[in-house]
Structure formats: C-alpha cells, structure tokens
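Visitor: Let me give you the structure first, and then I'll get to my questions.
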2 protein chains.
Amino acid sequence: MRTALADSPTRKRLLDAAEKLMLSQGFAATSVEEICDAAKLTKGSFFHYFESKDELGKAVLERYCADRRKGQETLLGTNPDPLSRIYTYLDTMAKSATDPSMSKGCLLGMFSQELCELNPEIQACCEQGFAGWTKRFAQELAAAKAKHAPRKDFRPQELAEHLIAVVQGSLILGKAQKDMRILAKGLRHYKAYVRSVFGK
Amino acid sequence: MRTALADSPTRKRLLDAAEKLMLSQGFAATSVEEICDAAKLTKGSFFHYFESKDELGKAVLERYCADRRKGQETLLGTNPDPLSRIYTYLDTMAKSATDPSMSKGCLLGMFSQELCELNPEIQACCEQGFAGWTKRFAQELAAAKAKHAPRKDFRPQELAEHLIAVVQGSLILGKAQKDMRILAKGLRHYKAYVRSVFGK
DNA sequence: AAAGTCATACCAAATGGTATGTGAATGAGA
DNA sequence: TCTCATTCACATACCATTTGGTATGACTTT
C-alpha cells in the first residue's frame, strides 16, 4: 500500500518542502501546515502520504543521506590517484560552499542536534548517515596512505571523521555569522592538515 | 523592576532546568511546562521571572556564553608561554570531553542551528558568543605567533575559528554516535595541525 | 508594639491559539 | 463503477500566556 505512494511526485513535493524548511528552522519548529503551504497541498494530503510528522522526518533524512552519498561519488571525481581525488574533493566542496545547495546547512547535523536524544530511530539514521560518509572518505584516505607513504602515521577512519566535524562545525559557525565562506576556510585548513600528514 | 529578579535562586533554578533540557532537545522541543516540572515550579512562577519563552531563551544563552568565557580563562591556565597555554588548553578540553559538563553538547551550537534564521536577536547573540570565544583564542595564537616564528604563516583569527568548528562539529558527531570521545580525537587532530604550523 | 498597607514570590486554573491528526465528501482516471 | 488522490471541516491535544488569586515579610502608621 505504502510502496505505491513511495515515488509519487506529490510525495516528492512534500519531501522537498519539508527538507528546505527543516534545513533552516529544524524539525520541531517546522509545522506540517507550513510544509503543506509550501508544497501547495492540504494537510489531508500530507497524512495520505505520511502517517505522522515523525515518519516524514525519517523519510526526509533518509532521502537526504542517499542524495548526499550520490553527490559524494560525483564530487570525488575520477582521478586515478587517490590523494589527488581527496584534494579535488576538498577543493570542489570548498568552491560550492557559498552556493545554495550547501549554504543552508546540513540536515544530518540539524537532526543530530535536535532529535538524537529524543528519537532513537532518527539517532540510528544519523549515525548511519555519518558512518556512510566517513567510511567512503576513509577508504580514499586509506588508498592514499597505501600509495604515498605519508610523513606521519594516521588512522583513515579518524581523519575522515575529522573532516565531517570540520564541515558540520563550519556550517554552524556560518549560520551564526550569516556567512558560509567559513566553510571554505575550514576545508582549506583541513586540506593543509592532510597535506602536513602526507608531506605533499 | 526586572533587575531585582535577575539573581534570584528561583530564577537560577529555571535557567538551570531550561539549559539542561534545551542542551539535549533544543529550544523548540522544550516546553515551558517541562522546564517548570524539572525546576519543581509552576508556570505562574515561570512568567513571573520571564515575560516569554523567547526571553528565557535569550537569558539562558547569555548566561551560557558568560559561563563559557569564564571557563575559558581558567582553561587557558597561567603558563607564561602562549604556545604552551594553547597546548594545555586543548589537552584539558580533550580530557574533559566525556565528563557531563561538556558531553551534552554546546548550547551555542544548538541555538545557532535552530534559531539563527528564525530569531535575529538570538542570531546576534550566537554570533557574538562565538566571536568572543574565537577572539580570545586568536589572541593566544597571535601571541604564540609573535614569540615563536611559525614554520608556516597563518591568520590567528581564522585558526581560532577553525578550532570552534572542530569542537562544534565533533559535538554533533558525538551526539549522533552517542559517544563524546570523538571530541577528544578532534582536539588531538587540531593540536597536531597547530603543531604542524608552528613546527613544534 | 500592634494594626494596617504593600510589594513580592509563588501557585492553580482558565484562555486562546496553534499543532497534529481524522474522516467524510469530492473528483478524476481506469 | 472502483480506486485512489485530494480537499475540507473538524476533533483533540498541547502549549504559551493570562488571570486572579494566597502567603510572606518588610515597612508604615498609630
């Protein structure tokens, strides 16, 4: 029953509206009515597609994580050298720091803050979302480590988590400062750190 | 009129309860009633001390920022060498990463995410809170730069902001992973980065 | 010093608005 | 005609805020 509804364009409209609103205000401060207004639908429709606001939250988050993963793949590029892939990944991300796709923050970060201690399902989803992101990047770092003997030893997993921390933290700072250029700076520093580890 | 109420113990109880709850759930998801229950007071009392929930939010945030600033001073210690002060600051912070004072997250980060795009007053308060924090740390970095010719040039302000980003991001990641040890790791990496800049 | 006045701290219940969620009715397409 | 998307009006619950108190203690007034 619910499978048929899964990829309806109306459902997508609701998810899009919810994502946009929650990205800037968070989950709790975004009402179902607000979402429906933005999607030009009524609440009745909303509850036809989602059995509760919580379920919508989970759906938005899951879709966001999936999108992000795909985005990560394209962002990593096709350079045969893993270290070059890492550097261009960081550069590209830094370049797009101020454009609208990223400049509103990260839903994963938002939901982690707001909901992890309130909703175990969302917490698990956030944990897994971050894990997927770090794991993929750690893989690149491990490949780079294997190929270019780094000047200093490091744990790929830990260094990947550090990147996520830098990104998430910069997004918060950027929101407070109303200026997302801070994300580009954060990524530059992270890159410099990685360079200091590899010695090149 | 409101000045007399400013440092009453009852008011403090309300602020304490609100801070604790909002630190884990955020502002929007924390109701006035919940705060009153936690503080063992009634809503009537609440509105005797605060004219609105928003005002309470601002008060909690301001007190949090002030506390944090004091904490920063003690954390920096009294070592005459600025670079040593920086390193011990980072170490001490890393050590206390898992104890209850820090392990619940940072209100400044929480409010930035949730409220900055909704409430300009809170946004300004967050911005200033972060600015105070970074400025103080940047001062230390500048002193260290002046004393120990660093191997690479850097902007103290930017490097200080980078620390805040690492801390905030680690706290988010920690919440998602239900494990705040990530903060200690983040601080270790930041320290290693600073060391790579100074060459010692 | 007793009685009266007043401000303050606190409380309980009511109010009004807003939130989520429901269910019957409508409409369009197969 | 049957199904499913969508709407509309409504039920229900919750939540911030208000109102109308009581109790206490301090400060006058006599």
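Visitor: Report, by residue number, each residue of the stretch B:16-58 that is acidic (D, E), touching a residue at least 12 places away in the same chain (Cβ under 8 Å) and under 19 Å from B:I122 (Cβ atoms).
Guide: As a first pass, look at the stretch B:16-58 and keep what is acidic (D, E): B:16, B:19, B:33-34, B:37, B:51, B:54-55.
Narrowing further to those that are touching a residue at least 12 places away in the same chain (Cβ under 8 Å): B:16, B:19, B:34, B:54.
Correct list: B:E19, B:D54.
Visitor: Checking the structure you have, find out if any residue of the stretch A:18-33 is under 30 Å from A:Y193 (Cβ atoms) and out of contact with any Lys or Arg (no Cβ under 9 Å at 6 or more places or on another chain).
Guide: For the stretch A:18-33, residues under 30 Å from A:Y193 (Cβ atoms) and out of contact with any Lys or Arg (no Cβ under 9 Å at 6 or more places or on another chain): absent.
Visitor: Please work out which one of (1) more than 30 Å from A:S196 (Cα to Cα); (2) modelled with pLDDT of 95 or more is the condition A:G129 fails and give its number.
Guide: Going through the list (1) more than 30 Å from A:S196 (Cα to Cα); (2) modelled with pLDDT of 95 or more, A:G129 breaks only (1).
Visitor: Would you mind finding the one in B:A124, B:A192, B:A176, B:A131 that is buried (at least 23 other Cβ atoms within 10 Å of the Cβ) and without any contact (Cβ under 8 Å) to a residue 24 or more places away in the chain?
Guide: Criteria check complete, one pass: B:A176.
Visitor: Taking helices (runs of 4 or more DSSP H) that fall entirely within the stretch B:82-200, which contain at least 1 residues that are aromatic (F, W, Y) and either at the interface with chain A (Cβ under 7 Å from one of its Cβ atoms) or in contact with a helix residue (DSSP H, G or I) (Cβ under 9 Å, 6 or more places away or on another chain) (or both)?
Guide: Answer list for the stretch B:82-200: B:82-95, B:107-115, B:120-147, B:181-198.
Visitor: Tell me the helices (runs of 4 or more DSSP H) entirely within the stretch A:1-81 that contain at least 1 residues that are of a type in the set (D, E), within 14 Å of chain B (Cβ to nearest Cβ) and within 13 Å of DNA strand C (Cβ to nearest atom). Steps first, answer last, please.
Guide: On the way: elements: A:2-5, A:9-25, A:32-39, A:43-49, A:53-76.
Filter on the stretch A:1-81 gives A:32-39, A:53-76.
The values are calculated or read from the model by the stated rules, or taken from the named source; none is laboratory data. This structure is a prediction, so every number in the text was calculated from the model and none was measured. Heads up, the Cβs are rebuilt from the backbone with ideal geometry, glycines too, and the neighbour counts pull from every protein chain shown.
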